[in-house]
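None of the figures in this text is laboratory data; all of them are computed from the coordinates on show. Bear in mind the structure is a predicted one, so any value in this text is a computation, not a measurement. A quick note on method: Cβ atoms are made from the backbone with ideal geometry, for glycine too, and the neighbour counts reach across all protein chains shown.
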Amino acid sequence: MSSPSAPEASADLAPAPEPAPTLHGFPLTDSHGQAVAHIPRIDYLATMKLLIADGYVMAVDLCGVDYLTHPGRTLPEGVAAERFEVVVNLLDVEHRRRLRVRVQVPADDATCPTLFDLHPGTEAMEREAYDMFGIAFLNHPDLTRILMPEDWEGHPLRKDYGVGAIPVQFSADYVRDAPRPIDTDEVTTWQ
C-alpha cells in the first residue's frame, strides 16, 4: 500500500504582509503623493545629515504645529503623538524629489535641535516657530522674537492662547468724516 501524500503546508498560509516602509529605519508614510518621514526628536539632527547625503540639500520650509485640539491625528505605528510638531519640507533638486519630515515635540519640553548648521536658511523660520508656538531650538544663534514685540507675553498661535481684541479703523465702531466731493476745478489733466 502506498501512504497518502502529505498536504503542502504552504497552501494554507496567507502571504506575509509587506513590511511598512521606512527611511533610515524610521516610519515613512505618504500624504497626497508626498513622502513623509516621522523622525524621533533624539535622532533628528543625525537623520537630517543622512538626508543631505541622500540628496535632500534644500530646506524649503520649517514650521511649528500645535495639535492641542486634535490629539487623535493619524500617525504610523510606533510614533507617539505629542502636542507640538516641527515640520520640515526638504527638496532634492537633482532628482526632483520632496520629503516632509515630522518631529513630535512634547509640551513639557518644547525644544528641538536647530538645523542652522546644516541649513542656514532655517534661521528665521525657527525664530518664527519659537515666537508663535514657543518651540525653542537648541543651539540656535539668535533665538529671539521675529514677529511679535520683545516684551510680548505668550505665543499667539498656540491653541490655548486667548483671543484678544484690538480696535481697527476698518471696524464698524470706527467713525470717520464723510468723504468730501471732488472739485473738478482742482483736478488737472495730464499733458
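Cα extents for the range 41-98 along the principal axes, largest to smallest and rounded to whole angstrom: 38, 19, 17. Each of the peptides 53-61, 112-120 was scored by the mean count of other Cβ atoms within 10 Å over its residues; in descending order, highest first, they stand as 112-120, 53-61.
Each peptide in 29-38, 72-81 receives the mean, over its residues, of other Cβ atoms within 10 Å, and ordering these scores from highest gives 29-38, 72-81.
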